[in-house]
Amino acid sequence: QEPFVADEYIERLAWRTPGGGSRGGEAFDPKRLLEEFVNHIQELQVMDERIQRKVEKLEQQCQKEAKEFAKKVQELQKSNQVAFQHFQELDEHISYVATKVCHLGDQLEGVNTPRQRAVEAQKLMKYFNEFLDGELKSDVFTNSEKIKEAADIIQKLHLIAQELPFDRFSEVKSKIASKYHDLECQLIQEFTSAQRRGEISRMREVAAVLLHFKGYSHCVDVYIKQCQEGAFLRNDVFEDAAILCQRVNKQVGEIFSNPETVLAKLIQNIFEVKLQSYVKEQLEEHRKSDAEQYLKNLYDLYTRTTNLSSKLMEFNLGTDKQTFLSKLIKAIFISYLENYIEVEIGYLKSRSAMILQRYYDSKNHQKRSIGTGGIQDLKERLRQRTNLPLGPSIDTHGETFLSQEVVVNLLQETKQAFERCHRLSDPSDLPKNAFRIFSMLVEFLCTEHIDYALETGLAGIPSSDSKNANLYFLDVVHQANTIFHLFDKQFNDHLMPLISSSPKLSECLQKKKDIIEQMEVKLDMGIDRTLNCMIGQMKHILAAEQKKTDFKPEDENNVLIQYTNACVKVCGYVRKQVEKIRNSMDGKNVDTVLMEFGVRFHRLIYEHLQQYSYSCMGGMLAICDVAEYRKCAKDFKIALVLQLFDTLHALCNLLVVAPDNLKQVCSGEQLANLDKNILHSFVQLRVDYRSARLARHFS
């Protein structure tokens, strides 16, 4: 047995033999083990011989069976060859018979076709004779149930009658034509009745018969007319039309052999009759009296019509259904779309003007005319170069003449105009029309509202030497900034998609850039003049509150205040203005304006301190004032401004330092880089400057 291992086999044999254990010991008997091995070898030899004989016998039997199998295969091959020969003979015979049968069939057909034609011609001649005699006796004409056969006959007779000469057969031709017309009417009536009963199979039969008649198109018209009966009962004609077309689309293929033509004719009828009359009724009512409602209705109707067209695109309407539906829509709306943009611009102009006028009326404000050309242009150029107010200041009573409500209304009107423009404009005219709407927005929002408010705000800024002036221009800046963000958002969201791939894009961007630059010039001018007014107000505070005795007190030992009253009021004023600037600006503009304000604030304090003489205690008080100013300057959060006040604070130390330490202080970190004339100018402010000792130490 497999697997066979010789060592294991010998080991098992030794264990089975008494005294044959391989471990040795008293029971081990080598002779007996040898005898057992010899006997077992003999048994194995006998077994080998027996198996060998059996193998030889099986080999002989296998060889014999192989010879018999080979002989049988040869016999089968011969039988197969014989069968194949018989098959070829049979195939040739079948081909021969088939050829004969086809030939015979052709001969029979050649004989039968003329015979059938002759029989049919004989029947037609018989029926023709009945018309010729003037009396129709055949059952096919008198039996109403055989209307289908009668229709086939009369249709053929009608074709034959067309070829006959009129002078000889005029009477019979008229009789055939009359019968043709009667049968046609009967078939159409039958089709109508079947449609009312809902018998699709009967409708299909009658339509198939009428297909060869001239009145087939009338049959289609009847079907279309009856389909629409009771279909438009709701207020939504577009939804009714969609439902009707879906229902007919499922049915028309079971009735007519050309369903796509019938469905297309139904859709054409709906568009040209139902929809056109509905659109005309809705639009003509407001066309001349109410432009707003007219535009809303036009947009709504056109949108719903195109949506209906999109639904109808799912049906089979022939080869070019897109063009077919587009022509139907164009036929309805062409008279309204060709002058759409003129109506849109006219409405937008009047509506925008009304929104602005309503706002100014609510403020009891008579809008000033901002002239152009001549003197006005000269004033504008002078004002831009000199930044001087030209003409009297106007008291606006704190009114900015900017309204977010007005802006939202204008932007909403323009947004709707852009949406209508996108939907109603021809693709080739879309960028041009969108640009015209944008121009209206620029005119009324930017020029008539924002620019007017800036001009009024500029005129309302008081001169820099005015006392207790109210400064409202920063409110104008804040509102103008907010409004322009809204304007910019609409530009990107609603205008850009309409002009992004046209030459009008660069024109719009340039127009936007020009209006921005124009406003920025006026904003910069107004901010600059407002800062001048702030500095003027601070000058008035200092002039009114600061006294010469503040820095040169009569009693040096009895000074109880930490800083002067002028300093307190100026710092309070500055903090209010800084907060106002932060609330009015955004982004980098905050830092830019605060830096300019801070620099002017520093210059004012610097020049102000130069006007006084300082005793030792007065110098200490000046240092306290500057320290408070510096603390105020920290609110600016501008490094340059803080640095300027740090330097000023260091300069004020020159007012109190001992004469022996002047040179050391002047060479300190903050004063080392300053011009000596500046240092000298501060030292000169000391009351003890003229003493020989101080002059000697500073020289």
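The values are calculated or read from the model by the stated rules, or taken from the named source; none is laboratory data. Bear in mind that the values here come from a model prediction, so they are computed numbers and not experimental data. In this analysis, Cβ positions are derived from the backbone assuming ideal geometry, glycine residues included, and neighbour counts consider all displayed protein chains. Protein only, heavy atoms only, side chains kept; ligands, DNA and RNA dropped before computing areas. Shrake-Rupley method; radii C 1.70, N 1.55, O 1.52, S 1.80 Å.
Table for the structure above
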read-out: Solvent-accessible heavy-atom area per residue, rounded to whole Å², over segment 552-697 at 1.4 Å; value: 53
read-out: Cross-link reach list, lysines versus K54, counting only Cα pairs under 24 Å and skipping chain neighbours closer than eight places; value: K64, K67
read-out: C-alpha center-to-center spacing [segment 252-315, segment 185-234] in angstrom; value: 24
read-out: Y9-F69 FRET efficiency (beta carbon distance; Förster radius 45 Å; 0.05 resolution); value: 0.65
read-out: Computed magnitude of the charge dipole of segment 552-697 (debye, nearest 20; Cβ of K, R +1, Cβ of D, E -1); value: 200
read-out: Förster-model FRET efficiency, 56 Å R0, I51 and D106, C-beta, rounded to 0.05; value: 0.10
read-out: Filter on K513/K580; K367/K511; K576/K631; K467/K637; K265/K321 - keep pairs with C-alpha separation over 21 Å; value: K513/K580; K367/K511; K467/K637
read-out: Inter-probe distance in nm under a simple model that places probes 7 Å from Cα toward Cβ, at R16 and I516; value: 11.0
read-out: For R686, distant residues with modelled amide H under 5 Å away; value: Y614
read-out: Reachable lysines from K288, criterion Cα separation under 19 angstrom, eight or more residues apart if same chain; value: K280, K296, K349
read-out: 3J(HN,Hα) from dihedral phi, segment 647-652, Karplus parametrisation 6.51/-1.76/1.60, rounded to Hz, x for glycine, proline; value: 5, 4, 4, 5, 4, 5
read-out: Computed over segment 597-673, Kirkwood Rh from alpha-carbon pairs, angstrom; value: 12.9
read-out: Residue-by-residue Karplus 3J(HN,Hα) for segment 287-297, coefficients 6.51, -1.76, 1.60, Hz, glycine and proline x; value: 4, 9, 9, 9, 5, 4, 5, 4, 5, 4, 5
read-out: 17 Å tail of the calculated P(r), segment 575-627, as % of Cα pairs; value: 50
read-out: Solvent-accessible area of R358 with every protein chain in place, 1.4 Å probe, in Å² to the nearest 10; value: 130
read-out: Accessible area of segment 598-662 belonging to carbon and sulfur atoms, whole % at 1.4 Å probe; value: 54
read-out: Cα→Cβ-extended label distance, 7 Å offset, between Q611 and K330, nm; value: 8.1
read-out: Peptides 627-633, 319-325 ordered by average Cβ neighbours within 10 Å, highest first; value: 627-633, 319-325
read-out: Highest to lowest packing among 405-413, 89-97, scored as the average C-beta count within 10 Å; value: 405-413, 89-97
read-out: Burial ranking of peptide ranges 645-652, 271-278, 73-80 (average Cβ count within 10 Å, highest at the top); value: 645-652, 271-278, 73-80
read-out: Mean projection area, nm², convex hull over Cα of segment 552-697; value: 9.2
read-out: Semi-axis lengths (Å, descending) of the ellipsoid that matches the C-alpha gyration tensor of segment 196-283; value: 26, 14, 10
read-out: Within segment 570-585: backbone nitrogen closer than 20 Å to the K637 label point (7 Å, Cα to C-beta); value: 572-585
